[in-house]
Amino acid sequence: MPEFSIDQFRQIASQIENEVGQVIVGQTEVVRHVLVSILAGGHVLLEGVPGLGKTMLIRTLGQALDLKFSRIQFTPDLMPADILGTEILSDQDGRREFRFRPGPLFANLVLADEINRATPKTQSALLEAMQEASVTVAQKTYHLEEPFFVLATQNPLEMEGTYPLPEAQLDRFFFKVNVTLPDVADMVQILERTTGQSTACAGRAASGAEIVSMRALARTVPVASHVKEYIAKLMLATHPTDSNATALVKQYVRYGVSPRGGQALMLGAKVTALLAGRYNVAFEDVHAVAPAALRHRLLLNFDGLAEGLNPDKVIAELLKALPH
Amino acid sequence: MASFHDLTHLLNHWIHWLRLKRGLIWAVRGLILGLTSSLLLGLWGVWQARLLQLEFLTLVTALPFTSALTASLLAVFWPISHLKAARALDLELRLDERISTALELNQHPQNIPAEIRQKQLADALTAAQTIQPHRDLPLRIRPSEALLALALTLILAAVYTRSEALFQAAQQARDVQKAITQETKQIEALLKQLETDPTLSEEQKKALTAPLEAALNNLEQNPSLESSVSTLVSASEKLEALTNPQAGAAAQALQKAGSDLARQENSALQALGQQLAQGNPLAAAAELANLDLSQLSQAEAAQTAAQLEQLAQALQATNPQLAGQLKQAAQALQNGDTAAAQQALNQAAQSLTQAGQQQALSQAAGQAAKQLQQGAGQIVAAGGGQTPGASPNPQNGSMSAAGSGLGPGQSAENGGQAAGDAPIPQNNGAGDGGATTYEQIYAPSLLGGPDGPQVGLSSGSGEGEIIGQGPLTPGQDGQSLVPYDQVFGQYEQLNNQAIENGDIPFEFSQVIRNYFDSLKP
């Protein structure tokens, strides 16, 4: 039995959003998706042009969650040891021995800033840690402390000198969240907050233990069989060979969503249901998380890439066409 | 504490509403289906002139009603599982899959903790209690479907009000079929009667039944008005050909002579006279053959000779052969040669038998021909025309004289009459047109039926518009030089053009089509 009731769950989640909202103006959907991802135990890839507050959001989240936070700025010369840690020779009581010095990855909340600037080797080291929740250095495995979240950012504009994440590694991110420009009202508020004398700061809203408990509660949310079938059908319909595939999928998609995408949909929908005050998953919960869970898992073909097709459009069409 | 029973109770209540709602929706859909079907069937029936007015009304009311009722009942009583209903209602009532999840959790708890299940049930019940079926599941029909049903109803009403002429045509067609069926039965009865007639020989029976059987076969194979009348008239003429116009006079002469003989009491020929007077020549022949002259006294022989002489004189004009044989017998009896007289009487008996059989054949053929003509007349009358009982062809009382060789205009008795007075004679001299034989056709005598609109076929030049003119052929009346089958196509084309151009009144177009169909070589 989870230690949390649904009301406590909603209360803490609301507090987290409020605290983040003290610093981050607008971007409610982005904050919600990041929160859902964290409560579902998944890693998030945030994509957006520079200056939209991606790093600020994650830093604020770290403050609100009272978790051990570390930031890694990815650069082309960043080596795996720089993030995982390394063994150093130390002299203690006259004895000289190698001692493991943990890297910045040994934290609860890791900000991997501009992840696509690091080499594939370093990216792989991070992504392996994301998947296994452990790192191996000098043939010795070190487990990462729970909860462990990686929130990565990448810039879609400056592609020179970058190493785009391979599809298989993209698949390991629970959600891919697009950070967009704020509207005028939000922009005005941002300007007010950031150019005044005082700087806003987020307070503590939840501990790591509470996050773990909330994750456990989220996994107990029941899903009706026809909703599960819908998720499975939706996932399979992203493949051009499927009978439910839409015209856009058939024309522009090379390969559809993996089963990991379906898992992300289900878990994300469960958390969304709890956040909505429900003990069961509804279709609207699935719809709410579908773009973030699927957009980075859809592989477009050459025509789709050439025409600059947005995967969100494909997903929207699928959600509209697929019957409940 | 939330109970699953409370939730199923609510769900059952909703399902009742759902059934009502589906019943209403499907009633309208059934109505649309019924209206569409009845429209299609009704249009077909009306266009083919097969549906009477009452039948059309019955069709367009009963079919939609039955269809709507059936669809509604099916929808109301169609089995609905709780789970499927819960899923549908979750969507319709925006309950976010609460009810269906609760039902599934009750049936298959899986690994969900009991407390979570209880909370989910409580949440579902709370949400369900906010639902009011009469408000959230309103009994409403879709406006588009209602409009469609209304449009179909209006179309049906329009078809009904604009098909008066076609309903009349259907009634006529029905009457014609009835008349044809009746005539068929009469012919069958006539055939039985002829086959059991003892006065006819086998050959005579065969000659009489052959045209009747052919007519019966034709009526069964092609029971249209035109073909039926043509068949009956043709059979009637074949039967009339078997009649002997002089048979009546001969029979009268025999009866009269027989009456004279029957009045002479204590005569050897009294029995003969009685049979003849009763119109029974075959029995009379038997009496004649059985007469034993050798038993007669001299006085009786003289009396018998005188009576035979008298009888011969009475039959001289109508049956010379019989009269001669009777004279011969009388002379032989006067001369006392009873053997020669007996032989002459036997020959006379044979002649009398033949005369009797001829008389019976003629009488039977005449009666059958008359019956067929009456049947044809009844069919024509059922089709809206006049009965041919008024003998449109004064020559022989038949409706037409096919193959008589008369050319156009030679039927002077009928020429120039207005339409409706008598059937249009078909004496168009087909025998000169290159075709050796052709079937008779039926021409409606009164277009539009007895109560229909009159169509004046003016014979005067300059009156009315000429809507088509066929190819003219050189030659004289009654001597057509162009084979009929070569010019028919041109006439038919002109006819079709006239119909398509609307020159022919709509209610007559089918009659005219049938007419030209019957003319096809």
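If N is the number of residues in chain A, what value comes out of its Cα radius of gyration divided by 2.2 N^0.38 Å?
Dividing the Cα Rg of chain A by 2.2 N^0.38 Å gives 1.04.
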* Asked: How big is the Kirkwood radius of region B:254-381, worked out from every pair of different alpha carbons and given in Å to one decimal?
  -> 15.4 Å
* Structure fact -> Going residue by residue through region A:229-238, the Karplus relation 6.51 cos²θ - 1.76 cosθ + 1.60 with θ = phi - 60° gives ³J(HN,Hα) values, rounded to whole Hz and with x marking Gly or Pro, of 4, 4, 4, 5, 5, 4, 4, 5, 5, 7
* Whole-Hz Karplus ³J(HN,Hα) for region B:123-128, in order, using 6.51 cos²θ - 1.76 cosθ + 1.60 and θ = phi - 60°, x for Gly and Pro? -> 4, 5, 5, 4, 5, 5
* Using 1/(1 + (r/R0)^6) with R0 = 30 angstrom and r between the beta carbons of B:Arg140 and B:His82, what's the FRET efficiency to the nearest 0.05? -> 0.80
* Cα-based Rg (one decimal) and Dmax (whole number) for region B:98-179, in Å? -> 29.6, 86
* To do: Divide the volume of the convex hull of the Cα atoms of the protein assembly as shown by its number of residues and quote the answer in cubic angstrom per residue.
  => 344 Å³
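At R0 = 35 Å, how high is the FRET efficiency between A:Ser124 and A:Asp91 if r is their beta carbon distance? Nearest 0.05 is fine. Before the final figure, lay out the partial values.
Values: r = 34 Å, r/R0 = 0.96.
Once the sixth-power term is evaluated, E becomes 0.55.
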* Asked: Can you list residues whose amide H is under 5 Å from A:Thr136's amide H, if they're 5+ apart or on another chain and H is modeled 1.01 Å from N?
  -> A:Tyr142
* Would you check the accessible area of A:Phe106, probe 1.4 Å, heavy atoms only, in square angstrom rounded to 10? => 40 Å²
* To do: Enumerate the residues in region A:292-314 having an amide nitrogen under 15 Å from the point lying 7 Å beyond the Cα of A:Ala247 toward its Cβ.
  => A:314
* Structure fact -> The long-range amide H neighbours of A:Tyr255, using H built 1.01 Å from N in the peptide plane and a cut-off of under 5 Å, are A:Leu299
* **region B:100-185 - charge dipole about Cα centre, Lys and Arg +1 at Cβ, Asp and Glu -1, debye rounded to 20** => 220 debye
* To do: Grab every C-alpha pair in region B:106-152, bin the distances at 5 angstrom width from 0 up to the longest one, and report whole percents.
  => 5, 15, 14, 11, 10, 10, 9, 8, 8, 6, 3, 1
* Take the Cβ-Cβ distance between B:Asn335 and B:Glu203 as r, set R0 to 35 Å, and report the resulting FRET efficiency rounded to the nearest 0.05. => 0.35
* To the nearest 10 square angstrom, what accessible area does A:Arg71 show with a 1.4 Å probe? -> 100 Å²
* Gyration tensor verdict on region A:1-54 (Cα atoms; rounded if a/c is under 1.5, prolate if a/b is larger than b/c, oblate otherwise) -> oblate
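Quick one: length gained pulling A:Ser207 to A:Met79 fully straight, 0.36 nm per residue minus the C-alpha distance?
43.0 nm
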* Asked: According to a simple spin-label model (label point 7 Å from Cα along Cα-to-Cβ), what is the distance in nm between B:Ala214 and B:Thr130?
  -> 9.1 nm
* Give a residue-ordered list of calculated ³J(HN,Hα) values for region B:283-296 (Karplus: 6.51 cos²θ - 1.76 cosθ + 1.60, θ = phi - 60°; whole Hz; x for Gly, Pro). => 5, 4, 4, 5, 4, 5, 5, 8, 5, 9, 6, 5, 8, 7
* Asked: At a 1.4 Å probe radius, carbon and sulfur cover how many percent of the accessible area of region A:152-271?
  -> 55 percent
* Given the protein chains as shown and a 1.4 Å probe, how many square angstrom of A:Glu19 are accessible, to the nearest 10? -> 50 Å²
* Asked: For labels at B:Asn12 and A:Ser134 in the simple 7 Å Cα→Cβ model, what's the distance in nm?
  -> 5.6 nm
* Chain lengthening between B:Arg94 and B:Gln107 when straightened (0.36 nm per residue, less Cα-Cα) -> 2.4 nm
* Loop-located GluC sites (Glu not before Pro) in region A:244-318, at most 11 other Cβ atoms within 10 Å (DSSP) -> A:Glu307
* Asked: Based on the Cα atoms of region B:1-57, what semi-axes does the equivalent ellipsoid have, where each is the square root of 5 times one gyration tensor eigenvalue, given in whole Å with the largest first?
  -> 48, 8, 5
* **Cα coordinate range in region A:265-311, projected on the principal axes (Å, largest first)** => 43, 13, 13
* Asked: Which value at 222 nm does chain A reach when only helices count, each DSSP H run of 4 or more adding -39,500 (n - 2.57), with the total divided by all residues and rounded to the nearest 500 deg cm²/dmol?
  -> -14000 deg cm²/dmol
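When ligands, DNA and RNA are left out and all protein chains stay put, how many square angstrom of accessible area per residue does the protein assembly as shown have with a 1.4 Å probe?
51 Å²
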* Structure fact -> All alpha-carbon distances of region B:189-308, grouped into 5 Å bins from 0, give the whole-percent distribution 2, 10, 14, 15, 12, 10, 9, 8, 7, 5, 4, 2, 1, 0, 0
* Take the alpha carbon gyration tensor of region A:1-141, find the square roots of its eigenvalues, order them as a ≥ b ≥ c, and report rounded if a/c is under 1.5; if not, report prolate when a/b exceeds b/c, else oblate. => prolate
* Structure fact -> Quick calc: nm separation of the 7 Å Cα→Cβ label points for B:Leu54 and B:Gln367 -> 3.7 nm
* To do: With N set to the residue count of region B:1-118, report its C-alpha Rg divided by 2.2 N^0.38 Å to two decimal places.
  => 1.66
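The values are calculated or read from the model by the stated rules, or taken from the named source; none is laboratory data. No experiment lies behind these values; they were computed from the predicted model shown. In this analysis, Cβ positions are derived from the backbone assuming ideal geometry, glycine residues included, and neighbour counts consider all displayed protein chains. Surface areas here come from the heavy atoms of the whole protein model, side chains and all, with no ligands, DNA or RNA. Shrake-Rupley method; radii C 1.70, N 1.55, O 1.52, S 1.80 Å.
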